[in-house]
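See structure below.
Each value in this text was obtained by applying a stated rule to the coordinates, not by laboratory testing. Everything quoted here is computed from the prediction, not taken from an experiment. Here the Cβ positions follow ideal geometry from the backbone for every residue, glycine too, while neighbour counts run over all protein chains shown.
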Amino acid sequence: MMDQNQTYRIEAEAAQALAQWKALFAEQVAVKAKELAKKGGSTGVITLGHYRQAASIAVQMLATAVQDTDSKDGRQEAA
């Protein structure tokens, strides 16, 4: 059984990668939702539907970014 009170330390490289992935995801959701609203002829309104669709797209981009991260040092490999 796992001890729920156990504390864990996070490697600096792991924390940095996580922060980069979170920022990438948030940025992509915002950008894609705005693009979708513009394409849909929205009058300057971004809806929950836009965010949902944008999040689905951003998840795919995030998965690619995570897979492209070099497991040895946490840095993204050059494309």
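With r defined as the distance between the Cβ atoms of Phe25 and Val45 and R0 fixed at 30 Å, what FRET efficiency is calculated, to the nearest 0.05?
0.85
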Cβ under 14 Å from Lys32's Cβ, Lys32 left aside: what net charge do those residues give with Lys, Arg +1 and Asp, Glu -1? +2
Rounded to 0.05, the calculated FRET efficiency for the beta carbons of Ala12 and Arg52 at R₀ = 25 Å is 0.15
